[in-house]
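Laboratory data are not the source of any read-out in this text; all were calculated from the coordinates shown. Keep in mind that what you see is a predicted model, and the values were worked out from it rather than measured. Please note: Cβ atoms are built from the backbone with ideal geometry, for glycine as well, and neighbour counts cover all protein chains shown.
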Amino acid sequence: MLQLEDVTAGYGSTPVLHGVSLSVPDAAVVSLVGANGAGKTTLARVISGLLPERGGRILFGGKSITPLSPGARLALGIAHVPEGRQVFAGLSVADNLRLGAFCRRDALSKAALASRIDEVIASFPDLRTRLSDPAGNLSGGQQQMLAIARALMSGPQLIVLDEPSLGLSPRFVADVFRLIGNLRRSGIAVLLSEQNARLSLAIADHGYVVERGRITLSGPGPELLRHEEIAERYLGIGHTGRSAPEDALAQRALTERLAALLALS
């Protein structure tokens, strides 16, 4: 579905991405893992068109989207949920959702828009009774759910999620990851940039490690989760004194428990 080929980008005279290549298949969860400042947010912005690439190209559905604006990319099926949620605090929850469908305004009647809100909100029980409330009155977790619901209003094929669990309580973190699994099952692809490397790799079909604006390692999510270097650098798991096979089995068991806990297996 989405392919990046040797993409470079940056801010002003400062380069950030250096020849990044990756792909997101249809209805797959692909995780980006890396330290703060590695380039994950920049990569998300380049994909959605908020930051222009300086080199390489981006393909969506086999066609180049490099010259397209953010609005055109959204209309094509790429929705971006930015870090920090960025809901419109002074507008109601319902109005935030309506804005999510703005790119479809010519195709949706008033009745169709109301139906679309009902369809989307079915996956967000915390929001159903808050539609008339200002978005700024919601908790951080509820605002994150609203940001994702707003993205779904555009009817995307791919959602780019940038740090969706940042600052959330354990309950809402679990809700976010369950939702990601549901999106995959419904046929929507997810590119997940997430600080919680353990959870993001546990549910990912494929993962990429981003370091200093470059892809340094990639592979199936659970396989990366068992990788010794990943465990030490991003999961806070140092040398345990176990043999390599024992460590591998322990990591596999952890992955399976996480997937079962989130009902994503």
Shape descriptor, the range 105-165: equivalent ellipsoid semi-axes (Cα gyration tensor, sqrt 5λ, whole Å, largest first) stand at 20, 16, 9
A student asked for the Cα radius of gyration and Dmax of the range 25-68 in angstrom ought to give 11.7, 31
Taking the chain and counting helices only, DSSP H stretches of n ≥ 4 at -39,500 (n - 2.57) each over all residues, the nearest-500 ellipticity at 222 nm comes to -11500 deg cm²/dmol
Rg (one decimal) and Dmax (whole number) from the Cα set of the chain, in Å, equal 18.7, 63
FRET efficiency (LEU99, ALA72; Cβ distance; R0 25 Å; to 0.05) is 0.90
Taking every alpha carbon pair in the range 136-208 and sorting the distances into 5 angstrom bins from 0 up to the bin holding the longest one, the percent per bin comes out as 3, 15, 30, 27, 17, 6, 1, 0
Length-normalised contact order of the chain, Cα under 8 Å, at least 6 apart, in percent, tallies to 25 percent
Counting only DSSP beta bridges fully inside the range 84-227, the antiparallel percentage to nearest 5 is 55 percent
Here the percent of antiparallel bridges among DSSP beta bridges lying wholly in the chain, to the nearest 5, is 55 percent
Taking r as the C-beta separation of ASP133 and THR14 and R0 as 45 Å, the FRET efficiency to the nearest 0.05 is 0.65
Between GLN86 and SER109, the FRET efficiency computed from the C-beta separation at R0 = 25 Å comes out, to the nearest 0.05, as 0.35
